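This report concerns only the one structure given below.
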Amino acid sequence: MEYRLPTPLDEGAVRALRVGDAVTLDGVVWGIRDATLIRIFDGGQAPPAELRGGALLHVAPNVRRSSVAPSGYEPTTVGTTTSMRMDRFTEGLLRDHGVRAIIGKGGLSDASSAALARYGGVYLAIVGGAASVETEQVEAIEHVYWEDLMPECLWQFRVRAFGPLTVAMDASGASIYRDVAARARQRLADVYARLGLRDAP
Amino acid sequence: MAEITVDAREYDALFEDLGCRLYLDAQIDIPPDVRQGLRDAMARESHPIARGIFHTILQAIDVSDRKHTLVCQDTGIPIFWITIGRGVVVDGTRMLDALRRGVERATVETPIRSSIVSPIGRENRQTSSGEGIPVFHVEFSGEIDHIDITMMPKGSGSESMSFLKMLLPADGVDGIKKFVLETCVGAGGRPCPPTIIGVGIGGSSDVCVTLAKKATLRPVGERHPDPKIAALELELLEAINSTGIGPMGLGGDTTALDLHVETAWTHITLNPVAVNMQCWRGERRRARVYSGGRVEIGY
């Protein structure tokens with residue numbers, strides 16, 4: 001199924017999503033990454049903006065200072081970084097801050113998959129490396145919080161038709177990454193047999 | 001004697017401009033063999049999600065062609081592979097200094113993100129350079145009479161998926177095959193597949209790892225000249241793609257666009273194997289610098 005959803009995300013709409021669905025977002029996407037999350041969870045500082053119902057993006061931004069943009073910055077190349085580095089913060093984001101969607105590449109762990117099921121969230125996979133497309137879907141940088149962490153600030157991106165994103169982990173506990181890995185292991189056993197390799201995995 | 005140029009200032013400007021241009025262009029303009037490999041893979045792809053990913057990938061290449069912007073936000077570790085031909089007279093120190101300045105200029109003037117930090121304090125000079133960076137691999141060849149400079153901006157998603165194992169002679173070629181297959185399946189979607197996989201076999205540990213990375217520079221679709229090694233490349237490529245990891249690890253028929261093996265002789269007691277991966281962009285840009293300062297740019 002294909003969905004076009006506005007932000008903040010409605011819990012019911014998020015819970016209805018299933019792995020393999022395609023989602024396109026309109027509204028606000030919050031850019032976060034390592035340092036932002038370390039400050040919130042390890043530093044114990046409350047996020048400087050309301051993230052309830054939010055869609056977070058594991059972002060890697062190239063920006064330029066701008067005298068006309070309200071935030072003082074305009075995007076030059078906004079892309080997505082590997083999610084697994086930020087895996088341990090998933091449960092806290094869902095439980096304490098009401099986040100509904102995490103957008104990233106490469107997927108999250110089984111522990112995060114369980115947290116998505118418990119709190120009603122999804123992981124949306126973007127195409128890593130295709131930052132030039134992603135940048136075209138960011139209309140503006142509306143606000144930059146925690147500017148001292150540059151470039152790992154909390155970014156408020158205004159997006160239009162952001163996607164399509166693939167629902168790769170859903171609120172029922174399903175994960176495409178887990179299924180693909182399990183199938184790859186099985187097929188690897190076939191490969192070992194075909195190539196005459198001993199000690200099949 | 002192929003003297004590159006005589007005037008010192010001209011010389012500096014030549015290589016500085018090259019460093020700047022190669023570093024930027026490699027991130028904007030995807031090589032034609034990689035584009036073809038992606039198009040072929042999309043045509044073969046049977047999984048709907050994977051076909052959608054290929055569509056976005058080709059769209060990203062197209063946007064960057066039109067707007068002259070970076071395809072990916074990861075500006076990578078700048079790595080230069082330099083081959084100095086027979087009879088070439090060049091001031092190597094000056095050349096490397098100028099290439100480094102070119103990378104710094106590209107970073108500051110464009111501007112693009114500096115992805116380089118010190119390893120312990122994590123200090124970023126905002127110039128894409130630092131101690132030991134850019135990386136310079138310099139070698140000599142009797143087969144050319146010019147300087148060949150290939151720039152590879154290496155992104156961290158794929159560079160994180162780098163592996164070395166000092167196998168035993170008794171592990172044989174089967175041990176090498178198993179190591180390659182295990183690392184590729186273990187990497188899953190993290191190196192931004194479909195990847196170009198480089199495999200180094202033999203040498204000392206440092207040579208083995210370097211061969212694996214150098215192997216990722218070879219154009220997609222080009223086989224090793226030794227038929228036995230070429231057959232090994234195709235066997236491993238087919239095996240990896242049959243696991244179905246697919247683009248971005250979301251399942252599909254193509255996990256790797258190609259797999260290249262490079263070898264060196266090794267010690268009687270050793271059987272080293274290394275794996276290095278390049279993401280789907282396969283970024284590289286090449287310059288040939290001839291006598292008198294004439295330059296040809298390619299891939």
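The values are calculated or read from the model by the stated rules, or taken from the named source; none is laboratory data. Because the structure is predicted, anything quoted here is derived from the model rather than measured. When we count neighbours, we look across all protein chains shown, and the Cβ atoms used for this are built from the backbone with ideal geometry, even at glycine.
State whether the residues of region B:147-163 include one that is among the charged types (D, E, K, R), surrounded by fewer than 21 Cβ atoms within 10 Å (Cβ to Cβ) and over 30 Å from B:P193 (Cβ atoms).
no
Quick one: which helices (runs of 4 or more DSSP H) sit completely within region A:28-122 and have at least 1 residues that are touching a helix residue (DSSP H, G or I) at 6+ places or on another chain (Cβ under 7 Å) and closer than 19 Å to A:V144 by Cα?
Filter on region A:28-122 gives A:34-37.
Scan region A:47-55 and tell me whether some residue there is buried (at least 20 other Cβ atoms within 10 Å of the Cβ), under 12 Å from A:W155 (Cβ atoms), under 12 Å from the mean Cα position of the chain (by Cα) and aliphatic (A, V, I, L, M).
No, region A:47-55 contains no residue that is buried (at least 20 other Cβ atoms within 10 Å of the Cβ), under 12 Å from A:W155 (Cβ atoms), under 12 Å from the mean Cα position of the chain (by Cα) and aliphatic (A, V, I, L, M).
Yes or no: B:P219 touching a helix residue (DSSP H, G or I) at 6+ places or on another chain (Cβ under 9 Å) and within 11 Å of chain A (Cβ to nearest Cβ)?
Values: touching a helix residue (DSSP H, G or I) at 6+ places or on another chain (Cβ under 9 Å): yes; within 11 Å of chain A (Cβ to nearest Cβ): no.
Judged against the criteria, B:P219 is not a match.
Name every residue in region A:144-194 that is in contact with a Lys or Arg (Cβ under 8 Å, 6 or more places away or on another chain) and facing chain B (nearest Cβ under 9 Å), in order of residue number.
Once the filter is applied, which keeps residues that are in contact with a Lys or Arg (Cβ under 8 Å, 6 or more places away or on another chain) and facing chain B (nearest Cβ under 9 Å), region A:144-194 yields A:P151, A:Y192.
Can you find, within region A:67-83, the residue that is farthest from A:M169 (Cα to Cα) among those that are out of contact with any Lys or Arg (no Cβ under 7 Å at 6 or more places or on another chain) and surrounded by 15 or more Cβ atoms within 10 Å (Cβ to Cβ)?
Among them, the one singled out is A:A69.
Just to be sure I understand the filter: pairs with C-beta atoms under 7 Å, separated by 6 or more residues or on different chains, first member in region B:117-128 and of a type in the set (F, W, Y), second member at pLDDT 95 or above. Which pairs pass?
Close Cβ pairs (under 7 Å, with a partner that is at pLDDT 95 or above) do not exist here.
Pairs only if they're at least six apart or on different chains, beta carbon under 8 angstrom, first in region B:246-274 and of a type in the set (F, W, Y), second part of a strand (DSSP E or B); list them, first residue then second.
Close Cβ pairs (under 8 Å, with a partner that is part of a strand (DSSP E or B)) amount to B:W265/B:G202.
Need pairs with beta-carbon distance below 7 Å; first residue more than 14 Å from chain B (Cβ to nearest Cβ) and within region A:114-131, second of a type outside the set (A, V, I, L, M, F, W, C) and not in a loop (DSSP other than H, G, I, E, B); sequence gap 6+ or separate chains.
Final answer for the pair search is A:A115/A:T90; A:A115/A:E91; A:L116/A:Y123; A:Y119/A:R95; A:G120/A:E11; A:G120/A:R15.
Looking at B:A106, B:A60, which is the one that is facing chain A (nearest Cβ under 9 Å), more than 30 Å from B:G142 (Cα to Cα) and either in contact with a helix residue (DSSP H, G or I) (Cβ under 9 Å, 6 or more places away or on another chain) or not in a strand (DSSP E or B) (or both)? Don't jump to the end; show me each part of the working.
Details: B:A106 fails: facing chain A (nearest Cβ under 9 Å).
Going through B:A106, B:A60 in turn, the sole match is B:A60.
Looking at region B:259-272, can you tell me whether even one residue there is among the β-branched types (V, I, T), away from chain A (no Cβ under 14 Å), assigned to a strand (DSSP E or B) and under 26 Å from B:S156 (Cα atoms)?
Within region B:259-272, one or more residues are among the β-branched types (V, I, T), away from chain A (no Cβ under 14 Å), assigned to a strand (DSSP E or B) and under 26 Å from B:S156 (Cα atoms).
Could you list, in sequence order, the residues of region A:87-146 that are basic (K, R) and over 13 Å from A:V59 (Cα atoms)? Step through it out loud before you land on a result.
Filtering region A:87-146 down to residues basic (K, R) leaves A:88, A:95, A:100, A:105, A:118.
Selection gives A:R88, A:R95, A:R100, A:R118.
Scan region B:129-146 for residues that are in a loop (DSSP other than H, G, I, E, B) and either surrounded by 14 or more Cβ atoms within 10 Å (Cβ to Cβ) or modelled with pLDDT under 95 (or both) and report the count.
Qualifying residue count, region B:129-146: 5.
Under the condition of being closer than 14 Å to B:V275 by Cβ and of a type in the set (D, E, K, R), which residue from region B:206-249 is surrounded by the most Cβ atoms within 10 Å (Cβ to Cβ)? Explain how you work it out, then say what you get.
If we filter region B:206-249 for residues that are closer than 14 Å to B:V275 by Cβ, which is where we start, we get B:208-216, B:232-233, B:236-237, B:239-240.
Checking the rest, the ones that are also of a type in the set (D, E, K, R) come to B:213-214, B:233.
On the way: B:K213: 24, B:K214: 20, B:E233: 22.
Selected residue: B:K213.
Just a yes or no: is a residue in region B:75-85 within 21 Å of the chain's Cα centre (by Cα), touching a residue at least 40 places away in the same chain (Cβ under 8 Å) and at the interface with another protein chain (Cβ under 9 Å from one of its Cβ atoms)?
Within region B:75-85 (the criterion being within 21 Å of the chain's Cα centre (by Cα), touching a residue at least 40 places away in the same chain (Cβ under 8 Å) and at the interface with another protein chain (Cβ under 9 Å from one of its Cβ atoms)), the answer is yes, since at least one residue qualifies.
Report whether or not A:S132 is over 15 Å from the mean Cα position of the chain (by Cα) and crowded, with 24+ Cβ neighbours inside 10 Å.
yes
Does B:I149 satisfy the criteria of being outside any helix (DSSP H, G or I), in contact with a Gly (Cβ under 6 Å, 6 or more places away or on another chain) and touching a residue at least 12 places away in the same chain (Cβ under 8 Å)? Before the answer, list the steps.
Working: outside any helix (DSSP H, G or I): yes; in contact with a Gly (Cβ under 6 Å, 6 or more places away or on another chain): no; touching a residue at least 12 places away in the same chain (Cβ under 8 Å): yes.
No.
A:L197: assigned to a loop (DSSP other than H, G, I, E, B), facing chain B (nearest Cβ under 10 Å), of a type in the set (A, V, I, L, M) and surrounded by 15 or more Cβ atoms within 10 Å (Cβ to Cβ), yes or no?
Spelling it out, A:L197 is indeed assigned to a loop (DSSP other than H, G, I, E, B), facing chain B (nearest Cβ under 10 Å), of a type in the set (A, V, I, L, M) and surrounded by 15 or more Cβ atoms within 10 Å (Cβ to Cβ).
Please work out which one of (1) at the interface with another protein chain (Cβ under 10 Å from one of its Cβ atoms); (2) under 24 Å from A:D199 (Cα atoms) is the condition B:R190 fails and give its number.
So B:R190 meets the others, but not (2).
Can you tell me which residues in region B:162-186 are more than 10 Å from every other protein chain (Cβ to nearest Cβ) and either under 17 Å from B:N241 (Cα atoms) or basic (K, R) (or both)?
B:K165, B:F179, B:V180, B:T183
Part of a loop (DSSP other than H, G, I, E, B) and either at positive phi or in contact with a Lys or Arg (Cβ under 9 Å, 6 or more places away or on another chain) (or both): does that describe B:G292? It would help to see each step written out before you state the result.
Numbers: part of a loop (DSSP other than H, G, I, E, B): no; either at positive phi or in contact with a Lys or Arg (Cβ under 9 Å, 6 or more places away or on another chain) (or both): yes.
Judged against the criteria, B:G292 is not a match.
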